[in-house]
1. Which residue out of 165, 83, 150, 122 is at pLDDT below 95, over 15 Å from residue 62 (Cα atoms) and under 19 Å from the mean Cα position of the chain (by Cα)?
2. Take the residues in the range 98-113 that are surrounded by 16 or more Cβ atoms within 10 Å (Cβ to Cβ) and touching a helix residue (DSSP H, G or I) at 6+ places or on another chain (Cβ under 6 Å), then tell me which one is farthest from residue 70 (Cα to Cα).
3. Among the residues of the range 215-230, are any closer than 30 Å to residue 39 by Cα, out of contact with any helix residue (DSSP H, G or I) (no Cβ under 7 Å at 6 or more places or on another chain), at pLDDT below 95 and assigned to a loop (DSSP other than H, G, I, E, B)?
4. Looking at the range 68-86, I want the residues that are in contact (Cβ under 8 Å) with a residue 12 or more places away in the chain and on the phi > 0 side of the Ramachandran plot and have a partner that is surrounded by 14 or more Cβ atoms within 10 Å (Cβ to Cβ) and not in a loop (DSSP other than H, G, I, E, B) with Cβ atoms under 7 Å, at least 6 apart or on another chain. Which pairs are those?
5. Checking residue 43 against (1) over 27 Å from residue 150 (Cα atoms); (2) surrounded by fewer than 18 Cβ atoms within 10 Å (Cβ to Cβ); (3) touching a helix residue (DSSP H, G or I) at 6+ places or on another chain (Cβ under 7 Å), only one condition comes out false. Which one?
6. Name the single residue, out of those in the range 201-211 being part of a helix (DSSP H, G or I) and touching a helix residue (DSSP H, G or I) at 6+ places or on another chain (Cβ under 7 Å), that is surrounded by the most Cβ atoms within 10 Å (Cβ to Cβ).
7. Given the conditions (1) surrounded by fewer than 13 Cβ atoms within 10 Å (Cβ to Cβ); (2) at pLDDT 95 or above, and given that residue 38 satisfies all but one, which numbered condition is not satisfied?
8. Just wondering, is there one or more residues in the range 73-87 that are more than 21 Å from residue 51 (Cα to Cα), touching a strand residue (DSSP E or B) at 6+ places or on another chain (Cβ under 7 Å) and not in a strand (DSSP E or B)?
């Protein structure tokens, strides 16, 4: 139709200011979207628009249990048809642990079609043996395992040494990624203070001790995304991204927003 332009034509004219962004299928630069209840039409629109920039969809907390009929399976099938991994939120697994239904939970997730699972203890306490069992059982069923470290409530904050120990143990036991807790708000949880800023001392201690390429940072706020991209480059793993912010994040990753373009400009100007 006259007047329509394929947006990719711009890449024949202009290059991305931040170079090196990995393409799917990728091992680095992963983006995890937090789905708190998208309808199938909304999910399809999101995937048609932005599937190239989404690697995981997390059906947040226990929303998995609230879909009627076959709607859940429909969403799972849809995500996978676009090459996107999908998994239920970690809080749902914690409920299964509390109710002594962990194995049934993992097997049901696999039967429903989920191809990944999150093992977390953001609200409850979980023994190392139970955590290891969850990772092992999920891997036996062919599920990708993402684990999470950190607490959701500020009063339950854990030491950086505990973070480091759990991260190392989870990776040794077969987790593909370890998520750093940030909640959907990005504030007053895990590695963030009440304003959504990184707790610097803890962050530096953590980065000195673990392989940051295996970490996925829950970073729902733009300032957090920007800081991580500028520190680690466009291929840092980021999660809890709101669905409507996927393209905005990708633009930030490659320097198409003023926030990261400014730093590219200043770097070029000083060289």
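The values are calculated or read from the model by the stated rules, or taken from the named source; none is laboratory data. Keep in mind it's a predicted model, so treat the numbers as computed, not measured. Virtual Cβ from ideal backbone geometry, glycine too; neighbours counted across all protein chains shown.
1. Numbers: 165 fails: under 19 Å from the mean Cα position of the chain (by Cα); 83 fails: at pLDDT below 95; 122 fails: over 15 Å from residue 62 (Cα atoms).
Of the residues listed, the single one that is at pLDDT below 95, over 15 Å from residue 62 (Cα atoms) and under 19 Å from the mean Cα position of the chain (by Cα) is 150.
2. 102
3. Looking for residues that are closer than 30 Å to residue 39 by Cα, out of contact with any helix residue (DSSP H, G or I) (no Cβ under 7 Å at 6 or more places or on another chain), at pLDDT below 95 and assigned to a loop (DSSP other than H, G, I, E, B), one finds at least one in the range 215-230, hence yes.
4. 83/51
5. If we test residue 43 against (1) over 27 Å from residue 150 (Cα atoms); (2) surrounded by fewer than 18 Cβ atoms within 10 Å (Cβ to Cβ); (3) touching a helix residue (DSSP H, G or I) at 6+ places or on another chain (Cβ under 7 Å), just (2) comes out false.
6. 206
7. (1)
8. no
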